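Let me give you the structure first, and then I'll get to my questions.
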Amino acid sequence: MKDFISLHDISEKELEDLLSLAIKLKKELKSGIAHPILKGKTLGMIFTKSSTRTRISFEVGMTQLGGYPLFLSSNDIQLGRGETIYDTAKVMERYLDGIMIRTFAHQDVLDLAKHADIPIINALTDLLHPCQVLADLLTAYEHKGHLENLKLAYIGDGNNMAHSLMYGAAKARMHCSIATPSGYTCDDEVVENAKKDFAASGKSLVLTNDPVEAIKNADVVYTDTWVSMGMETEKEERIKAFDGYQVNAELMKHAAPDAVFMHCLPAYRGFEVTEEVIDGPQSVIFDEAENRLHAQKAVLATLMG
Ligand code: CP
Ligand code: NVA
């Protein structure tokens, strides 16, 4: 594993190893055991979109691993003024030990990985958000004691979260159901790739327009914003299109009684989820947010250690 760009690219074993390492690092941190695995190493962190969790968890994670996180806002580096990805990759590999990037076009991350000899970590593109899903799998594991054969249901936009959840669920040997309104379904190529992964694991993948069908007996219920970063101008039309796709107490009745509710955050209460559900006893949203730290430290230690 040179890069961490898509959960479709990693094996079941690699996923298992990352989760085991995350659990170990989390235990060590809680017991006050230092783990300076990346002493003297520097991670460049390129952001062309906003972030709370990703930025903080990567910065704190690098610090806890004994390394140095270098925040690079696209407004401040020449990439934002049109310097090519190729030149950026070739220059940055001379200084840095790894790069984490959050940006719009997924192809930019693939190009960066192609041209830079150092590890590249995808911290969200319009297509995928693998770091979030790694943390979510860790969270589901902690709450359920295992992952294999759990049913994950995602209700909402066929976006980067839906895509990475499909990939992650397949590699974790879970079942997965996705309910999206028509016109907001998942990317065709991602679905084709995911279908192959589910065929290999022997678990089910259901894509539907019916939230009740998707959520039926689910162990993990997931939703995300209807208006992702970069889609702000579509807000009004999206709110109309997603009518009926809100995760509320009525919909949650169809899930398993002990289901957990998840959301990558930031959340918009009253839209994709009600306050009652997201702030209710089944919600594990802040465990997910914390686990970004532990999961990403496992990625950093594996790629840069
Ligand atoms: N979930 C997530 O990636 O949050 P941020 O946008 O705050 O980083
Ligand atoms: N789908 C959301 C996820 C935010 C973490 C977005 O891309 O804005």
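Let me have the 222 nm mean residue ellipticity of the chain computed from DSSP H runs of 4+ only, each contributing -39500 (n - 2.57), with the sum over all residues rounded to the nearest 500.
Rounded to the nearest 500, it is -13000 deg cm²/dmol.
Sticking with this one: Any chance you could tell me what percent of the C-alpha pair distances in the chain go past 26 Å?
Taking all Cα-Cα pairs of the chain, the fraction more than 26 Å apart is 43 percent.
Another question about this same structure. Given the C-alpha atoms of region 37-160, compute the convex hull and give its volume per residue in Å³.
So the per-residue hull volume is 137 Å³.
After finding the eigenvalues of the alpha carbon gyration tensor for region 167-305, what semi-axes result from the square roots of 5 times each, listed largest first in whole Å?
Whole-Å semi-axes of the equivalent ellipsoid: 24, 20, 18.
Add +1 for every Lys or Arg and -1 for every Asp or Glu among the other residues with Cβ under 15 Å from the Cβ of residue 254, and state the total.
-2
Over region 190-258, with a single point scatterer placed on each C-alpha, what log10 of the ratio I(q)/I(0) does the Debye formula yield at q = 0.24, 0.27, 0.28 1/Å?
Those come out to -1.10, -1.14, -1.16, one per q.
Want the number for residue 94 to residue 216: 0.36 nm per residue separation, take away the alpha-carbon distance, what's left?
Working it through step by step, the gained length comes to 38.8 nm.
Please report, to one decimal in angstroms, the Kirkwood hydrodynamic radius of region 236-305 built from all distinct Cα-Cα pairs.
14.0 Å
Calculate the length of the line joining the C-alpha centroid of region 95-172 to that of region 206-261, in whole Å.
If you average the Cα positions of each part, the centres end up 19 Å apart.
Any idea which of 67, 165, 145 is furthest toward the positive side of the dipole for the chain, if Lys and Arg beta-carbons carry +1 and Asp and Glu beta-carbons -1?
67
Under 16 Å from the 7 Å Cα→Cβ point of residue 196, by amide nitrogen: which residues of region 163-177?
Label zone hits: 167-168, 170-171.
Relative contact order of the chain: what whole-number percent is it, with Cα pairs under 8 angstrom and at least 6 residues apart?
Rounded, it is 21 percent for the chain.
Kindly state, as a whole number, the per residue volume in cubic angstrom of the convex hull around the alpha carbon atoms of region 106-161.
For region 106-161, the hull spanned by Cα atoms encloses 106 Å³ per residue.
Would you mind checking the tilt of helix 106-115 against the longest principal axis of the Cα atoms of the chain, expressed as 0 to 90 degrees and rounded to 10?
30 degrees
If each residue of separation counts as 0.36 nm, what is the full-extension length gain between residue 206 and residue 14 once their alpha-carbon separation is subtracted?
66.6 nm
Given Cβ point charges of +1 (Lys, Arg) and -1 (Asp, Glu) and nothing else, what value in debye, to the nearest 20, does the dipole of region 179-305 about its Cα centre take?
340 debye
Against the longest principal axis of the chain, how steep is helix 188-201, in degrees 0 to 90 to the nearest 10, with axes from Cα atoms?
80 degrees
Could you work out how far helix 12-30 tilts from the main Cα principal axis of the chain, as a 0 to 90 degree angle to the nearest 10?
That helix lies at roughly 80 degrees to the long axis.
Also, quick follow-up: Where does each of 289-300, 252-263, 133-144 land if you order them by average Cβ count within 10 Å, highest first?
In decreasing order of mean packing, 289-300, 252-263, 133-144 become 289-300, 133-144, 252-263.
Another one. Place a point 7 Å from Cα of residue 269 in the direction of its Cβ. Which residues in region 36-80 have their backbone N less than 20 Å from it?
Flagged as within label range: 52-53.
Quick note: the coordinates plus some simple rules give every number you see, no bench work behind them. No experiment lies behind these values; they were computed from the predicted model shown. Using ideal geometry, Cβ is built from the backbone for each residue, glycine included, and neighbour counts are taken over all protein chains shown.
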